[in-house]
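Let me begin by presenting the structure, written as structure tokens, before commenting on it.
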Amino acid sequence: MKLMLIGGGNTRNGAWETKEIDIEAVKMTGKEKPNFLFVGIASQFADSYYDAMKAIYKELGCECQYLKKKNIINNRDIVENKIRNADIIYIGGGDTIKLMTELEEYNLKDLFVDAVNSNKVIVGISAGAIMLCSEGYSDSLKIRGESDKYDFIKGLGILPIVFSPHHSEEKDNELNDEIGNRTIYGLENGVALKIEDNKYTVVKSIINNNAYLINKNSKTILEDSGIIM
């Protein structure tokens, strides 16, 4: 299992707040010119999102492809071939509910579970990271205008953890009433959890930001050294 869960970070309009994280994801493949596949179904602006990620990963030496919505709707063979041939699968951010709904609607769940089990490098940022976990503390209902609060959204459960991307003091304040017995990995922008060989390492692109382990009565900064999950 080779996963990179990113808390968030701007990668558009010349910004690259996840640079060291993306460099590490490419290294994890062990290949000089890995095949990169972008999955943008959580976003309403997937085409421009892909353009930004393509520029980044081409700079890192990758051959880049895009899993388009029309492929998902119309041609299962193309979808399966693109996933099979990818060395890195990058699941973009956006609306977590939209992402999980479309995984169900188009019967994509097993393809991503199989990809994880085939030792590909799977990168998830924000909603894409929540998808890989059992649950995530998400702003989807805010995005949809259905609530002014964060909510817990179920992921695929590939990792048995609860993930909070873009973690902030605002999220901490809301969690006080909702966390229950959960243990949460809260990541600020520009910070990732690298999971490999049943260990994680904190990888930072924004040095002063942190990853936290959060329980009902505690919030601990996770150090950079590898820790058994």
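Could you give the size of the charge dipole of the chain about its Cα centre, using +1 on the Cβ of each K and R and -1 on the Cβ of each D and E, expressed in debye and rounded to the nearest 20? Write down the numbers at each step before the final one.
Details: 28 positive and 34 negative charges, 117 e Å.
In total the dipole reaches around 560 debye.
Step by step: find N for region 130-227, compute 2.2 N^0.38 Å, then divide the Cα radius of gyration by it. What's the final number?
Values: Rg = 13.2 Å, N = 98, 2.2 N^0.38 = 12.6 Å.
Normalised Cα radius of gyration, region 130-227: 1.05.
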- Item | Selection of trypsin sites (Lys or Arg not before Pro), region 135-172, meeting DSSP coil and at most 14 other Cβ within 10 Å | ARG144, LYS149
- Query: So, in nm, how far is label GLU80 from label LEU213 when the simple model puts each one 7 Å beyond its Cα toward the Cβ?
  - Reply: 4.1
- Message: Out of the chymotrypsin sites (Phe, Trp or Tyr not before Pro) in region 31-80, which ones are loop residues according to DSSP with at most 13 other C-beta atoms within 10 Å?
- Response: PHE45
- Item | Spin-label pair GLU178/GLN44, simplified geometry with 7 Å Cα→Cβ offset, distance in nm | 2.1
- Round to the nearest 0.05 the FRET efficiency obtained for ASP51 and GLU146 when R0 = 30 Å and r is the Cβ-Cβ distance. 0.50
- Note on the structure: Taking every C-alpha to C-alpha distance in region 100-167 and binning by 5 Å from 0, the per-bin percentages run 4, 17, 24, 26, 17, 8, 3, 1
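Stretched out fully, how many nm does the piece from GLU223 to SER118 gain, at 0.36 nm a residue minus the Cα gap? Don't skip to the answer; put the middle values down first.
Numbers: separation 105, 0.36 × 105 = 37.80 nm, distance 2.88 nm.
Taking GLU223 through SER118 to full extension adds about 34.9 nm, to one decimal.
Using the alpha carbons of the chain, what is the convex hull volume per residue in cubic angstrom, as a whole number?
Numbers: hull volume 26.9 nm³, N = 229.
Hull volume over Cα atoms, normalised by residue count, gives 118 Å³.
Suppose R0 equals 35 Å. What FRET efficiency, 1/(1 + (r/R0)^6) with r the Cβ-Cβ distance, do GLU102 and LYS199 give to the nearest 0.05?
Values: r = 31 Å, r/R0 = 0.90.
After rounding, the FRET efficiency stands at 0.65.
Let a ≥ b ≥ c be the square roots of the eigenvalues of the Cα gyration tensor of region 65-179; is it rounded (a/c under 1.5), or, if not, prolate (a/b larger than b/c) or oblate?
On the way: a/c = 2.54, a/b = 1.82, b/c = 1.40.
Since a/c reaches 1.5 and a/b is larger than b/c, the shape of region 65-179 is classed as prolate.
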- Note on the structure: Here region 58-69 yields Karplus 3J(HN,Hα) values (6.51, -1.76, 1.60; θ = phi - 60°; whole Hz; Gly and Pro given as x) of 5, 4, 8, x, 8, 8, 10, 9, 9, 7, 7, 4
- Note on the structure: With label points set 7 Å from each Cα along the Cα-to-Cβ direction at LYS33 and ILE73, the distance between them in nm comes to 3.4
- Message: Distance between the C-alpha centers of region 162-229 and region 14-32? Whole Å please.
- Response: 20
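Quick one: compute the contact order of the chain, relative version, from alpha carbon pairs under 8 angstrom and 6+ residues apart, as a percent. Could the numbers behind the result be given before it?
Working: 508 pairs, mean separation 54.3, N = 229.
Value for the chain: 24 percent.
Under 1.5 on a/c is rounded, so check that first for region 1-90, then, if it is not, pick prolate when a/b is larger than b/c and oblate when it is not; a ≥ b ≥ c are the square roots of the alpha carbon gyration tensor eigenvalues. Write down the numbers at each step before the final one.
On the way: a/c = 1.83, a/b = 1.22, b/c = 1.50.
Oblate is the answer for region 1-90, as a/c is 1.5 or above yet b/c matches or exceeds a/b.
Bear in mind that the values in this text are calculations on the coordinates, not laboratory data. Since the structure is predicted, the reported quantities are computational estimates derived from the model, not experimental observations. In this analysis, Cβ positions are derived from the backbone assuming ideal geometry, glycine residues included, and neighbour counts consider all displayed protein chains.
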